[in-house]
1. Just name the residue that is farthest from W205 (Cα to Cα) out of those in segment 1-21 that are in contact with a helix residue (DSSP H, G or I) (Cβ under 6 Å, 6 or more places away or on another chain) and not in a loop (DSSP other than H, G, I, E, B).
2. Testing S222 on (1) buried (at least 20 other Cβ atoms within 10 Å of the Cβ); (2) under 21 Å from the mean Cα position of the chain (by Cα); (3) small (G, A, S), one condition comes back false. Which one is that?
3. Answer yes or no as to whether V364 is β-branched (V, I, T), in a helix (DSSP H, G or I) and out of contact with any Phe, Trp or Tyr (no Cβ under 8 Å at 6 or more places or on another chain).
4. Residue by residue through segment 60-73, note down the ones that are hydrophobic (A, V, I, L, M, F, W, C) and crowded, with 24+ Cβ neighbours inside 10 Å.
5. Determine, yes or no, whether R233 is basic (K, R) and out of contact with any Ser or Thr (no Cβ under 8 Å at 6 or more places or on another chain).
6. Spot the failing condition for I218; the list is (1) free of Cβ contacts under 8 Å to residues at least 40 places away in the same chain; (2) in contact with a Pro (Cβ under 7 Å, 6 or more places away or on another chain), and only one is missed.
7. Identify the residue in segment 307-324 that is under 16 Å from A335 (Cβ atoms) and surrounded by 15 or more Cβ atoms within 10 Å (Cβ to Cβ) and, among all such residues, is nearest to the chain's Cα centre (by Cα).
8. Any chance you could count how many residues in segment 260-306 are among the polar types (S, T, N, Q) and surrounded by 20 or more Cβ atoms within 10 Å (Cβ to Cβ)?
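The values are calculated or read from the model by the stated rules, or taken from the named source; none is laboratory data. Quick caveat: nothing in here was measured; it's all calculated off a predicted structure. Neighbour counts are summed over all protein chains in view; Cβ atoms, including those assigned to glycine, are modelled from backbone coordinates with ideal geometry.
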Amino acid sequence: MGIDFAKSPRSTVGIEWELALVDRVTGDLVSVADQVLAALRGPDGSEHPHITGELLLNTVELVSGVHTRVADAVADLEGQVAQVRAVTEPLGVDPVCSGSHPFGQWFDQRVTDKERYHRLIERTQWWGRNMMIWGIHVHVGIEDREKVIPILNGLTGYIPHLQALSASSPFWAGVDTGYASNRALMFQQLPTAGLPWHLADWAAWESYVNDMITTGIIDEPSEVRWDIRPSARWGTIEVRVCDGVSTPAELGAIAALIQCLVEWMSSELDEGRPVPTMQPWFVRENKWRAARYGLDAEIILDSDANERLVTDEVRRLMKGLSPIADRLGCAAELASLELILEHGASYQRQRRVAASHWGDLSSVVSSLRRELRHGLVT
């Protein structure tokens, strides 16, 4: 089957931000997304153009417009957070964001009443019901369809950087899992989720999607839930590997890193140079290391098996990508990665809060609420 790739201006950016809804007193998840979305309908009854539902009724998803600058995409989403708060505050509910909820239980959560979600749960059963996960998705515009697969393949080498920086799911159903990102390992249990297959070109992507539809695994390309995937409808590459982040500053920093990486790879292709890749078994190992150890992970850098601490590699990337960040207007956001390196990623902050409150995980939720409202203390 042929898959048309939409026209999209080069290196434009759009961001999706999944927020959990929690009770202000107990910190537990509450299934009120349907009420929130109903209150956000337009005067004519139309759905909000950018704030939508997700698999579970404890979640709303914010979707930015298409922007040239990361700062504008983040500001767009901050405005949407304010709209959500205007509805949730009278309900005694607050939005928070992390890759998992510290103590929520899957059997207490209600599934959104949509056919595609019911089909997903019917097929995936226990694993599907356990998808109490939240993430961020960053779209970057690609002006030439032939660049999509080479850039996608190249981006797999940066999965551990993005996973470690965003890792925010150390707790699951009241237990410290020992992982920085338990979400990473949970999500890949779904069919078509996890690491992308290494494909040769766009024709190979079309062939893959055709095979998946022919055999009934998916009904449409959007049901390919890879950590990084082509998004033909929007003319973008969509990076989905990151855990949810609790502050606009972290959101902007990670989005800027992704935007700069894509632009750098696009420029390499313009110059006739191949985008570096590494063996799929190294890519898989790197994802596991970042999910397990977060910012303490030592990652594999290249096909020659050189290794380096991920934090050192992030700082090297920040320096190397700074001219591109200047050109894209996201230098300040890229520099904000240092906030994560200095204050710790969310999984580290959450564990510190739990330890200082004798293991009380409701205090972790309170901390996430404060971070979304006030940002990181600097």
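1. Checking each candidate, the answer is W17.
2. The one condition S222 does not meet is (1).
3. Working: β-branched (V, I, T): yes; in a helix (DSSP H, G or I): yes; out of contact with any Phe, Trp or Tyr (no Cβ under 8 Å at 6 or more places or on another chain): no.
No, not satisfied.
4. First pass over segment 60-73, keeping only residues hydrophobic (A, V, I, L, M, F, W, C): 60, 62-63, 66, 70-71, 73.
Correct list: V60, L62, V70, A73.
5. Details: basic (K, R): yes; out of contact with any Ser or Thr (no Cβ under 8 Å at 6 or more places or on another chain): no.
Criteria not met by R233.
6. Condition not satisfied by I218: (2).
7. Here is the first cut: in segment 307-324, the ones under 16 Å from A335 (Cβ atoms) are 311, 314-324.
Checking which are surrounded by 15 or more Cβ atoms within 10 Å (Cβ to Cβ) leaves us with 311, 314, 317-318, 321, 324.
Details: T311: 19, V314: 18, L317: 20, M318: 20, L321: 21, I324: 22 Å.
It comes out as V314.
8. Looking only at that region, the number is 2.
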